Amino acid sequence: MQRSRYTKNALRTATVVVALLAGIAVLFILEQRRTQGEVGVVLSAYLSDEVLNNAHDWGAGRGIQIILQREAQQPGTWRWRWSLLFDRRLRFPQASFVTRTSFVVSNAFISDIRAELHLPRGVDSVVVSRSELKQSQSSDFQRRFPNNLGYIAVSQPGFDFSKTEAILYIDHFCGLCGGGGYILMRKGNGVWHVVDQHSTWVS
């Protein structure tokens, strides 16, 4: 009798967990479809600003390579992934709850960055897998990508309903230096701009 009650409770709990995971998966897929068209525009705007800010480090006539990790960067660890919504660094006071929720849902599962980038003239983007980046030594990386600005790992962005506000997470590795953090962007007059940033690490 007690064993059958335990079995029923375990079965109910398992059903609830499976239904919850299935619901999250459906939300993830729907959110990816809703926001996919704007991902490339947001990333292009952010990367272009970064390139322009660093352009003085490059001689005239030299092409610049932005190395982008194929897999979306996921801030935090799996155990703490669901606490992202409550991460103080993700709480931009001027950002909407919808944008933060979209960010968490969009990064609930591992996915690839699929975006067509439009970068300034003389700037090329190269998409490389995480495993390739981990396996290559510094000298190999420099030989393969001689004019690189390091490599960038970016999360899937989260958007508000009107797709005029976005939050994303970016790690930028450049040899011995690097940094990462949350970025808040807004679209004004059809152009995306960085509004605020919260750093999570720097070296």
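The values are calculated or read from the model by the stated rules, or taken from the named source; none is laboratory data. If you're wondering where the values come from, they're calculated on a predicted model, not measured in any experiment. Glycine gets a Cβ as well: all are built from the backbone with ideal geometry, and neighbour counts include every protein chain shown.
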query = Residues of segment 5-48 being within 22 Å of MET185 (Cα to Cα), out of contact with any Ser or Thr (no Cβ under 8 Å at 6 or more places or on another chain), surrounded by 14 or more Cβ atoms within 10 Å (Cβ to Cβ) and not aromatic (Phe, Trp, Tyr), which ones?
reply = ARG34, GLU38, VAL39, GLY40, VAL41, VAL42, LEU43, SER44, ALA45, SER48
query = When segment 112-168 is examined, which residues are found to be in contact with a Cys (Cβ under 9 Å, 6 or more places away or on another chain) and either without any contact (Cβ under 8 Å) to a residue 40 or more places away in the chain or at positive phi (or both)?
reply = GLY150
inquiry  = Exactly one condition in (1) at pLDDT below 80; (2) over 15 Å from the mean Cα position of the chain (by Cα); (3) under 22 Å from ALA25 (Cβ atoms) is false for VAL98; which is it?
reply    = (1)
remark   = Only one of (1) assigned to a strand (DSSP E or B); (2) among the aliphatic types (A, V, I, L, M); (3) touching a Ser or Thr at 6+ places or on another chain (Cβ under 9 Å) does not apply to ALA115, and that is (1)
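Name the single residue that is farthest from SER111 (Cα to Cα) among those in segment 2-31 being hydroxyl-bearing (Ser, Thr, Tyr) and at pLDDT 80 or above.
Looking only at segment 2-31, we keep the residues that are hydroxyl-bearing (Ser, Thr, Tyr), and these are 4, 6-7, 13, 15.
Imposing the further condition that a residue be at pLDDT 80 or above reduces the set to 7, 13, 15.
Values: THR7: 36, THR13: 28, THR15: 26 Å.
If we take residues in segment 2-31 being hydroxyl-bearing (Ser, Thr, Tyr) and at pLDDT 80 or above, then THR7 is farthest from SER111 (Cα to Cα).
Only residues that are part of a strand (DSSP E or B) and closer than 19 Å to LEU68 by Cα: list them for segment 145-165, please.
The first filter runs over segment 145-165 and keeps only residues part of a strand (DSSP E or B), leaving 148-154, 158-159, 165.
Residues satisfying the conditions are ASN148, LEU149, GLY150, TYR151, ILE152, ALA153, VAL154, GLY158.
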query = Residues in segment 166-177 that are touching a strand residue (DSSP E or B) at 6+ places or on another chain (Cβ under 8 Å) and in a loop (DSSP other than H, G, I, E, B): how many?
reply = 1
query = Of the residues that sit in segment 87-112 and are of a type in the set (Phe, Trp, Tyr) and part of a loop (DSSP other than H, G, I, E, B), which one is surrounded by the most Cβ atoms within 10 Å (Cβ to Cβ)?
reply = PHE92
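For segment 132-152, indicate whether the set of residues that are modelled with pLDDT of 90 or more, within 27 Å of VAL26 (Cβ to Cβ), out of contact with any Pro (no Cβ under 8 Å at 6 or more places or on another chain) and surrounded by 14 or more Cβ atoms within 10 Å (Cβ to Cβ) is non-empty. Steps first, please.
Taking segment 132-152 and keeping what is modelled with pLDDT of 90 or more, we get 152.
Now drop any that are not within 27 Å of VAL26 (Cβ to Cβ), which leaves none.
No, segment 132-152 has no match at all.
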